[in-house]
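Chemist: Following this message is one structure expressed as structure tokens.
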Amino acid sequence: MEQAIIEKIIKIIKGRSIFLVGMMACGKSQTGPKLAELLRYKYIDLDKLIEKTAKKKIDQIFKDDGESEFRELETKCLKETIKIPALVISTGGGIVTKPENWGVLRQGIIIWIDTRQEISIARLKKDIDNRPLLQGEDLSNLYDSIFQSRKNLYSQADLRVEVHNENIEEVAEKIIYAIYKKIIN
């Protein structure tokens, strides 16, 4: 990746935070740290922040308190992140479902990581126990149903980056090039 492009982006975005949105297992939490490193930003995984705040795992929050309580906690944590400049924030897949969250997301640059469904499902099969919304259902049908209900919301992101079989660094670079193309146009 050309350092000149990175330097130009850093100068133009002036510490504006970058929010990674997209379906579960699209690669937000894997790509975020690399993107932050390339831009010399700090990184926050919103799900990890929620767990730290609640002092329990997300699946436990869902079991104990339900999805609506989780979404409230998610919004509170999201509002805290915007107070800090120059962050890359990996969000949970459902962050876009709450209209209140868009006011916070719009203060940064929203990147939709759009990974092919079969890739995400293969990843989810390895981590199904930690996915409270996917319990007890046919994974492909449930994933597709959730995606269809969120697709229009994800499409409201500032940029969409399609992911096929790229590695983490390639996805981070794709995001940087997408921001660059948007800025120079």
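Chemist: If I go through region 47-65 residue by residue, how many of them are closer than 18 Å to Ile168 by Cβ and touching a Cys at 6+ places or on another chain (Cβ under 6 Å)?
Modeler: Here the count works out to 0.
Chemist: Looking only at region 1-39, filter to residues that are of a type in the set (D, E, K, R) and more than 18 Å from the chain's Cα centre (by Cα); which one of those is surrounded by the most Cβ atoms within 10 Å (Cβ to Cβ)?
Modeler: Taking the candidates together, the pick is Lys8.
Chemist: Still on this structure: Which one of Ile58, Ile44, Ile50 is over 29 Å from Ile10 (Cβ atoms), in contact (Cβ under 8 Å) with a residue 24 or more places away in the chain and surrounded by 17 or more Cβ atoms within 10 Å (Cβ to Cβ)?
Modeler: None of the others qualify; the one that does is Ile58.
Chemist: Would you say Lys98 is farther than 29 Å from Glu2 by Cα and modelled with pLDDT of 95 or more?
Modeler: yes
Chemist: Every residue in region 51-100 that is over 27 Å from Asp158 (Cα atoms) and of a type in the set (S, T, N, Q), please.
Modeler: Thr53, Gln60
Chemist: Additional query: Tell me yes or no: at least one residue of region 142-160 is at pLDDT 90 or above, buried (at least 16 other Cβ atoms within 10 Å of the Cβ) and among the small types (Gly, Ala, Ser).
Modeler: Yes, there is a match, as at least one residue in region 142-160 is at pLDDT 90 or above, buried (at least 16 other Cβ atoms within 10 Å of the Cβ) and among the small types (Gly, Ala, Ser).
Chemist: Quick check on region 117-128. Is at least one of its residues farther than 27 Å from Gln3 by Cα and in contact with a His (Cβ under 8 Å, 6 or more places away or on another chain)?
Modeler: Yes, there is a match, as at least one residue in region 117-128 is farther than 27 Å from Gln3 by Cα and in contact with a His (Cβ under 8 Å, 6 or more places away or on another chain).
The values are calculated or read from the model by the stated rules, or taken from the named source; none is laboratory data. Not measured: the values here are computed from a predicted model. Heads up, the Cβs are rebuilt from the backbone with ideal geometry, glycines too, and the neighbour counts pull from every protein chain shown.
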